[in-house]
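The values are calculated or read from the model by the stated rules, or taken from the named source; none is laboratory data. Values in this document were obtained by computation on a predicted structure and should not be read as measured data. Glycine gets a Cβ as well: all are built from the backbone with ideal geometry, and neighbour counts include every protein chain shown. The accessibility values were calculated without ligands, DNA or RNA, using every heavy atom of the protein model including side chains. Shrake-Rupley method; radii C 1.70, N 1.55, O 1.52, S 1.80 Å.
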Amino acid sequence: MSAAELYDYQLKAVSQMKNGCILCGGVGSGKSKTALAYYYIRMGGAWETLIGEDFIPMGDPPKDLYIITTARKRDPLEWEGEFTPFLISENPDEKLYCHKATVDSWNNIKKYSEVKGAFFIFDE
């Protein structure tokens, strides 16, 4: 399985998702990767990448990405590992695209109340 390749049940979830949906699944089921795959597809990425074929980049620049999660998941940089197969990073020196990728905690959500035209993933 390549880094960005999804399991069949994750591919099915991505194909059924729409903006504003809630993705449910057990611990370790790959919800984070599935949510990022949905973002990747919505921003012009290709299904071929999700089934293990060659990586095809998203349109550049994709919409800014904001992940709002718990401090417990933000602080150890868990999301950075999820970003890697999609060539996304919070670090400007390590990313392919000209957009902002931000991971922050629910405690700071008010900072983003004026953000417009971005893509948000709310985690737990």
I'd like the residue in the stretch 25-82 that is basic (Lys, Arg) and at pLDDT 90 or above and, out of all such residues, is nearest to the chain's Cα centre (by Cα).
Lys33
Mind telling me which of the residues Lys33, Lys12 ends up being over 17 Å from Glu124 (Cβ atoms) and charged (D, E, K, R)?
Lys12
Between a first residue in the stretch 82-100 that is farther than 17 Å from Ala118 by Cα and a second residue that is of a type in the set (Gly, Ala, Ser) and assigned to a helix (DSSP H, G or I), which pairs have beta carbons less than 6 Å apart while being 6 or more apart in sequence or on different chains?
Glu82/Ser32
Just give me the residues in the stretch 76-124 being more than 15 Å from Tyr66 (Cβ to Cβ) and of a type in the set (A, V, I, L, M), in sequence order.
Leu77, Leu87, Leu96
Could you count how many residues in the stretch 37-46 are open to solvent by less than 40 Å² (accessible area, probe 1.4 Å), without any contact (Cβ under 8 Å) to a residue 60 or more places away in the chain and part of a loop (DSSP other than H, G, I, E, B)?
2
Take the residues in the stretch 57-86 that are closer than 22 Å to Asn19 by Cα and of a type in the set (A, V, I, L, M); name whichever of them is surrounded by the fewest Cβ atoms within 10 Å (Cβ to Cβ).
Ile68
Taking the condition assigned to a helix (DSSP H, G or I) and loosely packed, with under 13 Cβ neighbours inside 10 Å, does Ser32 pass?
no
Considering the stretch 91-115 alone, what residues qualify as being open to solvent by 60 Å² or more (accessible area, probe 1.4 Å), among the charged types (D, E, K, R) and at pLDDT below 90?
Asp93, Glu94
